[in-house]
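Report on the following structure.
The values are calculated or read from the model by the stated rules, or taken from the named source; none is laboratory data. What you are looking at is a predicted structure, and each value in this text was computed from that prediction instead of being measured. Neighbour counts run over all protein chains shown; Cβ positions are idealised from the backbone, glycine included. The accessibility values were calculated without ligands, DNA or RNA, using every heavy atom of the protein model including side chains. Shrake-Rupley method; radii C 1.70, N 1.55, O 1.52, S 1.80 Å.
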Amino acid sequence: MSAKNGSIKLVAGNSNPALAQEIANGLGLSLTKAVVRRFADMEIFVEIQENVRGSDVFIIQSTSFPANDHLMELLIITDALRRASARRITAVIPYFGYARQDRKVGSRAPISAKLVANLITHAGVDRVMTLDLHANQIQGFFDIPVDNLFASPVMVRDIKERFDLANVMVVSPDVGGVVRARGLAKRINTPLAIIDKRRERAGESEVMNVIGEVAGYTCILVDDIVDSGGTLVNAADALINNGAKEVYAYISHGVLSGGAAARIASSKMKELVITDSILPTEAVNKAANIRTLPIAPLIGEAISRTASEESVSSLFD
């Protein structure tokens, strides 16, 4: 395939090569030959080994762990492509790191998501494509176009295939996620419940109560990020204690840092379903109750539409 005004090139960083390859396969393209390696002192070196002059280039790079390394890779790849005369550079960032730092949480605190947006823009990116931003206002941190894709169509299809919707209830694990959970509940025409929690300190949460009658239902928790897993585990406990039949969770980004995979594996949760926006770790792959949904077809279609100057938002109508 080719872009409306030039050829399409896909360049992969080191954050998620498997996803990049799946996207390339879906588009019928080969990944552009490039070297992204480290010097002895871990300084990043990039060399694009194909002609990209006048091309519509898409860099596929999540800024996941190690976030700083993968962010620097993205910036340096962008600079290399800009100096190689690429016509347009789109940063495809399935998981946008630093998105949770989208506002000042106290005196003299940074807004790191805005800083990262500035870095990406000034490096020379013309457009950003990402998946399920933690907060929609982050789109406004950029002075370039941003396409925020949604994993909900992929999740809805999977839920409809696997569950009797008459016995399903969608649950938001906190008040902040109600809009996301309500949207999913509306798509599959099921009731909605909310977990009311109080976070005592960073990385820990205490579930207070369940808002809604969940007894007898198969509950599906929905959120954008699972990191330590504490919130989901506590939410599953609260739902089971309130009479829920089973608890599943559908989460866009499986950060799953530290011992999160083991925590999920030993919880009352029947299954955690995540997308492959972040390369799964060995611990995640070994966990019997964690399953991955492929997101490459969705991103590939969005790339195709962007290259041909077609609507991306109509994917989610």
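Annotations
- Elements of the type helices (runs of 4 or more DSSP H) sitting completely within the range 243-317 and holding at least 3 residues that are surrounded by 15 or more Cβ atoms within 10 Å (Cβ to Cβ): these cover 260-265, 296-307.
- Checking Leu29 against (1) touching a Leu at 6+ places or on another chain (Cβ under 7 Å); (2) open to solvent by less than 30 Å² (accessible area, probe 1.4 Å); (3) over 28 Å from Asp227 (Cβ atoms), the condition it does not meet: (2)
- The strands (runs of 3 or more DSSP E) found entirely in the range 23-126 that carry 2 or more residues being under 25 Å from the mean Cα position of the chain (by Cα), of a type in the set (A, V, I, L, M) and under 22 Å from Ile299 (Cβ atoms) are 34-38, 56-60, 88-93.
- Test: Asn209 is of a type outside the set (Lys, Arg), closer than 23 Å to Arg182 by Cα and in a helix (DSSP H, G or I): no
- The residue list Asp147, Asp164, Asp174 contains one member that is within 18 Å of the chain's Cα centre (by Cα) and open to solvent by 20 Å² or more (accessible area, probe 1.4 Å), which is Asp147.
- Here is the figure for the range 177-198: residues that are charged (D, E, K, R), surrounded by fewer than 14 Cβ atoms within 10 Å (Cβ to Cβ) and not in a helix (DSSP H, G or I) total 2.
- Test for Ile8: is it part of a strand (DSSP E or B), under 24 Å from Glu310 (Cβ atoms), of a type in the set (A, V, I, L, M) and in contact (Cβ under 8 Å) with a residue 40 or more places away in the chain: yes
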